[in-house]
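Notes follow once the structure below has been shown.
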Amino acid sequence: MDYQFRDIEKRWQKFWAENQTFKVDNSSAKPKYYVLDMFPYPSGAGLHVGHPLGYIASDIFARYKRLKGFNVLHPMGYDSFGLPAEQYAIQTGQHPAITTETNINRYREQLDNLGFSFDWSREVRTSDPDYYKWTQWIFMQLFNSWYNLESNKAESIDELIKIFENSGTAGLKAVCDDDVCIFSAEEWKELPDTEKQTELLKYRLTYLRESTVNWCPALGTVLANDEVKDGYSERGGYPVEQKKMMQWSMRITAYADRLLQGLDGIDWPDPLKEMQRNWIGKSVGALVRFGLTPGSYPGSLSFGEGRGEAFIEVFTTRVDTIYGATFLVIAPEHEYVAGLTTPEQETEILNYIDQTKKKTELDRMADTKTVSGAFTGSYARHPITNEPIPIWIADYVLAGYGTGAVMAVPSGDQRDWLFATKFGLPIVAISDAQTNLDKEADSTKEGHYINSGIINGLKYKEATTTLITKLEELGAGKAKVNFRLRDAIFGRQRYWGEPVPVYFKDGLPYLIDREDLPLVLPEVDKYLPTESGEPPLGRADNWKYKDDLEYELSTMPGWAGSSWYWYRYMASQEDRKQDTFAPAEAISYWKDVDLYIGGSEHATGHLLYSRFWNKFLKDLGYVVEEEPFKKLINQGMIQGRSNFVYRIIDEEGRGTNKFVSNGLKSQYTTSALHVDVNIVMNEILDLEKFKAFRPEFANAEFILENGKYICGVEVEKMSKSKFNVVSPDDIIERFGADTLRMYEMFLGPLEQSKPWNTNGIEGVFKFLRKFWKLFHDDEFNFNVSDEEPSKAEYKALHKIIRKVEEDIERFSFNTSVSSFMICVNELTDLKCNKRKILQDLVIVLAPYAPHITEELWSLLGNAPGKLSVAAYPQFNPEYLVENEFSYPVSVNGKTRMNLNISLSLSQAEVEEIIHANEDLKKYLEGKNIKKIIFVKGKIINLVV
RNA sequence: GCUCGGAUGGUGGAACUGGUAGACACGCAGGACUUAAAAUCCUGUUCGCCCUAAAGCGAGUGCGGGUUCGAUUCCCGCUCCGAGUACCA
């Protein structure tokens, strides 16, 4: 029989499922290897051909590692909470759980058709109560923890209470809110319980606090920073505004430094690490206080009382430029603005604030060129020179970063320079290396300081340390590290997410008892906010803890369930009966993910949150590794490739039913129409299928070139409306899963983005048929010989054994597909049907094309299903040893001819051959050979 | 603006530490088999020059320069495309 891929693939997929071929144990004499894919959100559209790219790569890797003798954990699951199912529920009333279930079944079918070697017994679904029980449990651990900067890790809140009881806040180094109280042990003990709880909330790693959030009215929920793109929601593209709300947050900032440092030790793509570094945004600098002498401003600022004079605190990364600070700028939202504004300036300031408020986030971003601001009328004192410094407000200073106030150094900072120039403020040079100050600012760190009091004549490094010491002496400043990273908002006013396991008493949040987990999502009549604007959970009947206390109505964000899921996979079905998210033995066996494959769009979301939760769980001793994902590969995005037909437009500008081929379209007035890519092959339109594509095309006429209708091409996002979605199901139906797997790899480097193009898939299909043919005679009878292979046959085999090893280890899957083709072409030419060659070749190819190789493996008489645990053949370099090499001989770097020369010869002997060679003479034309470059096994180059 | 990628035939791409540029495949052209088509197989296919072929010559990895016996690969300067990020003090 010819290669019957449909029958073979179905049969082996069934065999693997029935025999649980890829089920893995949590213990083994073999070394462990954990290969993980980013689990999908099961969307209603199903998988398109771009989705499996990463899964195919990871499956090849997992299968290869099994052959190499590893105990491989390779699981799959679903990130099944999310907005689309809920939006669908709002429109149709269908419960999101039902939609999700349907979509998951469809995904599963599609994944099964690709022949992946997942251990499905370990599947997880984040929306499953047995799973989100543990998401809620982790939330509870975070609530019960604080971050101790002394030990530099998270500790139990009970420890903090003990500290308060023993010594109050004295000497405490903790990550906490800015407004924590200072108290002694005695004062603490005197506090009523509600106040104790209020205070503790300021330390908890997940906490409730009034904060400015990204509110999306259209979605009716808050969004995290990474879910907002250019002022619009990432999902749906709705406008997002800033709003103050009581919100659950995660104190990820406590881990900022560890998240930054951890990047150095992990094998991730550099651009991705760089994105995380930028997102964390560490800047090293100083906090400096500019004093406000009582009477120098009109308002009565109460903030300084009892603690010395009032001051404005600024953050700067260039404390060395402090002598160049000629004014201060504070954000329009800064809390002192009202207190600092003099009566004369009041109108101007109020106008300016008004103006700023009207600007949307987007305007503010787009319009970075216009300089605007207003003078408060008040002055602060320079901390070192005591000179009076005017205080301005301007919207280029952001309330949310640093202290919301900056010292403006117009000679060293371009924005400050523009501001000073516009408003006529002084620009003072501070370095002898500064040039062109009348044209622009110069932020150089070179040169020696001038006009700079105690640092005159010094260079950058000494100046900085000198100043910080001085400021500390004066009590006017200190070194400070600032991060751009904000705490992560954790609540969503949505239905389809994990309920927060919290109830309220006297307005304060308390955790439910652990025994009451999971807190199961209640039924609601509608998936919309309540009439009073409460989240959908407010609609649930009797949604009260112990029938009495109000539950939290927000649910958790999409990233909650995905921030720890790789640990749940470590728990087998048996393990999941235990009362733990994963047994300690399983965690200490699997430890971490050795290889993680997924898209780079998760750089500042999932991949950062996961690292945060992992570090937290490590602090508490539940997991063993500081970093969860040792090696990470970003697969490229597969874009769509749209095809177009060109409809001719008549004189009146109406579309006709006549279509012109791409090459001739310039001779007519046309409009381009998307045409379904599935009826186009190699840009040639299938005319009959086109006529059937839509009723109005049934009588379409065509103007052809060379008898064919050639379509236009453009690269766009893959989407239904562009008719460029290619489904893996169709490809598998036509060519089989093995062909699809190999073709997706053959398309190009894994990490590179590329448009999907079905042109060329036949090359891979032909390859598999040729491979099948090696094992069969012309009548397709299985025909394998036990004869001893020739040297050439061994050579072909061992070349591929080594090549595939090298390629897989460096994730270069496309090149090994080429090499397989070369190998099969060679063996076909050699008419090789020797078992000793073919059996090993079956093993080497198995990770790429698992179905056809399983079939041939059992046809060769081996135990069915044991291919996946066969041993990868041992590479023997002896078969590749050559004693002659065809040297390219070049003259002045230009290759002229090839010469077969024994590899054992020395340079002197080779030179002799060169000098004696007649054919070379014509290239020399009497010129003298100055030098002969000879690289053994590579090249001979004559310099003349 | 800043950061990070990338640019090689008609197309996808290969060339791993500087050593024969264009592997492998698609497409295209021609041929064999066939009544015909499909399938399969064979030959050619970077561009230019030479009537054609063989042979040969010249150019050639976005552009300009450099290092080197030798550069797709290393260095400097630019152009274009893509991604991320943005008054971050």
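The values are calculated or read from the model by the stated rules, or taken from the named source; none is laboratory data. All values derive from a computational prediction rather than experimental measurement. Don't worry about glycine lacking a Cβ; one is built from the backbone with ideal geometry, like all the others, and counts go over all protein chains shown. Ligands, DNA and RNA are excluded from the accessible area calculation, which covers all protein heavy atoms including side chains. Shrake-Rupley method; radii C 1.70, N 1.55, O 1.52, S 1.80 Å.
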Exercise for review: Would you confirm whether any residue within the stretch A:709-732 is within 24 Å of A:Y3 (Cα to Cα), within 14 Å of RNA strand B (Cβ to nearest atom) and among the β-branched types (V, I, T)?
Suggested key: no
Point to revise | Qualifying residues in the stretch A:648-677 (those that are in a helix (DSSP H, G or I) and in contact with a Phe, Trp or Tyr (Cβ under 8 Å, 6 or more places away or on another chain)) - the one least open to solvent (accessible area, probe 1.4 Å) | key: A:V677
Check your understanding: Out of curiosity, is A:K526 surrounded by fewer than 20 Cβ atoms within 10 Å (Cβ to Cβ), assigned to a strand (DSSP E or B) and either in contact (Cβ under 8 Å) with a residue 12 or more places away in the chain or more than 23 Å from the chain's Cα centre (by Cα) (or both)?
Key -> no
Review point. Any residue at all in the stretch A:118-129 that is in a strand (DSSP E or B) and within 27 Å of A:Y34 (Cβ to Cβ)?
Key: yes
Revision key, fill the gap. With the first residue restricted to the stretch A:474-488 and required to be touching a residue at least 24 places away in the same chain (Cβ under 8 Å) and within 16 Å of A:D257 (Cα to Cα), and the second required to be assigned to a loop (DSSP other than H, G, I, E, B) and away from RNA strand B (no atom under 14 Å from the Cβ), Cβ contacts under 9 Å at 6 or more apart or on different chains are A:D487/A:R251; A:A488/A:R251; A:A488/A:P557
Exercise for review: All but one of (1) exposed (fewer than 15 other Cβ atoms within 10 Å of the Cβ); (2) under 26 Å from A:Y396 (Cα atoms); (3) modelled with pLDDT under 90 hold for A:G424, so report the exception by its number.
Suggested key: (3)
Check your understanding: Can A:L553 be described as buried (at least 18 other Cβ atoms within 10 Å of the Cβ) and touching a residue at least 24 places away in the same chain (Cβ under 8 Å)?
Key -> yes
Study note, to complete from the structure: Going through (1) out of contact with any strand residue (DSSP E or B) (no Cβ under 6 Å at 6 or more places or on another chain); (2) open to solvent by 10 Å² or more (accessible area, probe 1.4 Å); (3) of a type outside the set (A, V, I, L, M, F, W, C) one by one, A:Y64 fails only at (2)
Check your understanding: If you go through the stretch A:582-607 one residue at a time, how many are in contact with a Leu (Cβ under 7 Å, 6 or more places away or on another chain), assigned to a helix (DSSP H, G or I) and modelled with pLDDT of 95 or more?
Key -> 1
**Study point:** Qualifying residues in the stretch A:782-818 (those that are hydrophobic (A, V, I, L, M, F, W, C), assigned to a helix (DSSP H, G or I) and away from RNA strand B (no atom under 14 Å from the Cβ)) - the one farthest from A:V881 (Cα to Cα)
**Key:** A:L797
**Study point:** The lone exception for A:T370 - which of (1) of a type in the set (S, T, Y); (2) within 14 Å of RNA strand B (Cβ to nearest atom); (3) at pLDDT 90 or above it fails
**Key:** (3)
Review point. In the stretch A:733-759, how many residues are under 30 Å from A:D2 (Cβ atoms), at pLDDT 90 or above, more than 9 Å from RNA strand B (Cβ to nearest atom) and not basic (K, R)?
Key: 10
Check your understanding: Do you know which residues across the stretch A:563-602 are hydroxyl-bearing (S, T, Y) and open to solvent by 10 Å² or more (accessible area, probe 1.4 Å)?
Key -> A:S572, A:T580, A:S588, A:Y589, A:S600
Exercise for review: State all residues of the stretch A:865-898 that are of a type in the set (A, V, I, L, M), open to solvent by 20 Å² or more (accessible area, probe 1.4 Å), modelled with pLDDT of 80 or more and over 17 Å from A:I800 (Cα atoms); if no residue qualifies, say none.
Suggested key: A:V869
Check your understanding: With respect to the numbered conditions (1) open to solvent by 20 Å² or more (accessible area, probe 1.4 Å); (2) at pLDDT 95 or above, which one is the sole condition not fulfilled by A:D59?
Key -> (1)
Point to revise | Which listed residue, of A:F690, A:F616, is free of Cβ contacts under 8 Å to residues at least 60 places away in the same chain, farther than 30 Å from A:I60 by Cα and surrounded by 21 or more Cβ atoms within 10 Å (Cβ to Cβ) | key: A:F690
Exercise for review: Kindly indicate whether A:N103 is under 26 Å from the mean Cα position of the chain (by Cα) and either surrounded by fewer than 16 Cβ atoms within 10 Å (Cβ to Cβ) or within 30 Å of A:F735 (Cβ to Cβ) (or both).
Suggested key: yes
Check your understanding: In the stretch A:819-838, which residues are more than 14 Å from RNA strand B (Cβ to nearest atom) and open to solvent by 40 Å² or more (accessible area, probe 1.4 Å)?
Key -> A:R835, A:K836
Practice item. Output the number of residues of the stretch A:1-37 satisfying the condition of being surrounded by 19 or more Cβ atoms within 10 Å (Cβ to Cβ), touching a Ser or Thr at 6+ places or on another chain (Cβ under 8 Å) and of a type in the set (A, V, I, L, M, F, W, C). Key: 5
Revision key, fill the gap. Here the residues within the stretch A:388-412 that are under 37 Å from the mean Cα position of the chain (by Cα) and either hydrophobic (A, V, I, L, M, F, W, C) or open to solvent by 40 Å² or more (accessible area, probe 1.4 Å) (or both) are A:A394, A:Y396, A:V397, A:L398, A:A399, A:G400, A:Y401, A:T403, A:A405, A:V406, A:M407, A:A408
**Study point:** The listed residue being surrounded by fewer than 17 Cβ atoms within 10 Å (Cβ to Cβ), away from RNA strand B (no atom under 16 Å from the Cβ) and in contact (Cβ under 8 Å) with a residue 40 or more places away in the chain, out of A:G281, A:G291, A:G265
**Key:** A:G265
Review point. Which residues, counting only those in the stretch A:899-940, are part of a helix (DSSP H, G or I), open to solvent by 90 Å² or more (accessible area, probe 1.4 Å) and within 9 Å of RNA strand B (Cβ to nearest atom)?
Key: A:K922
Check your understanding: Hey, among the residues in the stretch A:300-332 that are away from RNA strand B (no atom under 16 Å from the Cβ) and part of a loop (DSSP other than H, G, I, E, B), which one's modelled with the highest pLDDT?
Key -> A:E309
Review point. Out of the residues in the stretch A:373-423 that are hydroxyl-bearing (S, T, Y) and farther than 28 Å from A:R486 by Cα, which is nearest to RNA strand B (Cβ to nearest atom)?
Key: A:S411
Practice item. For the stretch A:430-446, indicate whether the set of residues that are at pLDDT 90 or above and open to solvent by 10 Å² or more (accessible area, probe 1.4 Å) is non-empty. Key: no
Exercise for review: Determine whether the stretch A:760-770 contains at least one residue that is within 11 Å of RNA strand B (Cβ to nearest atom), open to solvent by less than 10 Å² (accessible area, probe 1.4 Å), closer than 21 Å to A:G54 by Cβ and touching a residue at least 12 places away in the same chain (Cβ under 8 Å).
Suggested key: yes
Practice item. Give the residues of the stretch A:702-759 that are open to solvent by less than 50 Å² (accessible area, probe 1.4 Å), in a helix (DSSP H, G or I) and of a type in the set (G, A, S), sorted by residue number. Key: A:A737
